[in-house]
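Asks: Input: one structure, supplied below.
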Amino acid sequence: MRRVKRGGIAVLAIIGLFAFSGLAMAATDEENDTVFNYGYDEDSQFFMWNVTSLDYEPDQEALAEILFADFDELLEACGLAAGEGEDEIVYGYTFDGESITLHELDSEGGFDPEAEGIDPGDCGELEGGYVTGPNGQVNHGMFMKLFNSLYDGPNRGCLVRHIAQSDLGKDDQQVLADPEFEPAEDPEPIEDGKVSFTTVGADCLHGDTGDDVEGAGNGGRRGPPQHVLDKWGEDGKPGKSGSAPGRP
């Protein structure tokens, strides 16, 4: 699986570009239609994702042609994880308090945070924020809470089940509450973050197939009921491209 379009130099990376892409090419019942990338930087406790679908139609008049003919083409263009048998792809990223920009790493594993980032092409914008709780805790529920408080696109249940079935915030990623923890009032910028992604292919229009393209997530059509999904988003402090997340 390849990273988002590499050709040329990005003008601006992932600052509100094409929230969803692909036009008028609904998948059949047997096909996936949505690419869902999610990644977590454990050092910064920062969680991010993007969503691109063949079935979401943001503005047909704005785009003169169909961008992706089928799911495999969508996956090739927008998947962020490594393909089967390939080495893990690690990206650099920056977060300026409002937007997230991905960078390719150089041969020494570094990147210039002032340089232009990876062009997202017609793939979904990255959004995300800190999963740190009000007492410094990090657990599985904080990932659920952040996603549900932030993601306002269609078919949320189709996507959130992959987070629910993942190991995010569990085992070594879990951080216990600290009564002396003082949350930041403003979101802290990140200039040298590193992240790798899990890429999931899902049939969100007809019902989630649960097929992981690469990485964690057990899939299946089962998932938390809607009232449970809504619960996690009631008092979350979201962060996305275009808004400013702080540590909860």
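The values are calculated or read from the model by the stated rules, or taken from the named source; none is laboratory data. The structure displayed is predicted, hence computed values, not measured ones. Backbone-built Cβ (ideal geometry, glycine too); neighbour counts: all protein chains shown.
Asks: Within region 147-193, work out how many residues are of a type in the set (S, T, N, Q), out of contact with any Ser or Thr (no Cβ under 9 Å at 6 or more places or on another chain) and on the phi > 0 side of the Ramachandran plot.
Replies: Selection size over region 147-193: 0.
Rundown of residues vs (1) of a type outside the set (S, T, Y); (2) outside any loop (DSSP other than H, G, I, E, B); (3) under 30 Å from N139 (Cβ atoms); (4) at pLDDT below 60, yes/no style:
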| residue | (1), (2), (3), (4) |
| --- | --- |
| K5 | yes, no, no, yes |
| G8 | yes, no, no, yes |
| A13 | yes, no, no, yes |
| L17 | yes, no, no, yes |
| E76 | yes, yes, no, no |
| A81 | yes, no, yes, no |
| T94 | no, yes, yes, no |
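Asks: Can I ask one more? Just checking, which of L126, L150 is closer than 25 Å to E114 by Cα and either out of contact with any helix residue (DSSP H, G or I) (no Cβ under 8 Å at 6 or more places or on another chain) or of a type in the set (D, E) (or both)? Before the answer, list the steps.
Replies: Numbers: L150 fails: closer than 25 Å to E114 by Cα.
Being closer than 25 Å to E114 by Cα and either out of contact with any helix residue (DSSP H, G or I) (no Cβ under 8 Å at 6 or more places or on another chain) or of a type in the set (D, E) (or both) holds for just one of L126, L150, which is L126.
Residue by residue, here is whether (1) surrounded by fewer than 16 Cβ atoms within 10 Å (Cβ to Cβ); (2) modelled with pLDDT under 95; (3) under 21 Å from D203 (Cα atoms) holds:
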position: P113; (1), (2), (3): no, no, no
position: G124; (1), (2), (3): no, yes, yes
position: M144; (1), (2), (3): no, no, yes
position: R161; (1), (2), (3): no, yes, yes
position: L168; (1), (2), (3): no, no, no
position: D171; (1), (2), (3): yes, no, no
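Asks: Between a residue in region 100-116 that is more than 12 Å from D192 (Cα to Cα) and any residue that is surrounded by 13 or more Cβ atoms within 10 Å (Cβ to Cβ), which pairs come within a Cβ distance under 6 Å, given they are 6 or more apart or on different chains?
Replies: So the pair list comes out as E116/A10.
Asks: Consider region 175-230. How many of its residues are in a strand (DSSP E or B), at pLDDT 80 or above, hydrophobic (A, V, I, L, M, F, W, C) and closer than 15 Å to F71 by Cα?
Replies: Residues that pass the stated criteria total 2.
Asks: Let me ask something else. Going by the structure shown, is D119 surrounded by 14 or more Cβ atoms within 10 Å (Cβ to Cβ), at pLDDT below 90 and of a type outside the set (A, V, I, L, M, F, W, C)?
Replies: Against the criterion (surrounded by 14 or more Cβ atoms within 10 Å (Cβ to Cβ), at pLDDT below 90 and of a type outside the set (A, V, I, L, M, F, W, C)), D119 does not qualify.
Asks: Please go through region 178-190 and give me each residue that is touching a residue at least 24 places away in the same chain (Cβ under 8 Å) and exposed (fewer than 13 other Cβ atoms within 10 Å of the Cβ), ordered by number.
Replies: D178, P179, A184, E185, D186, P189
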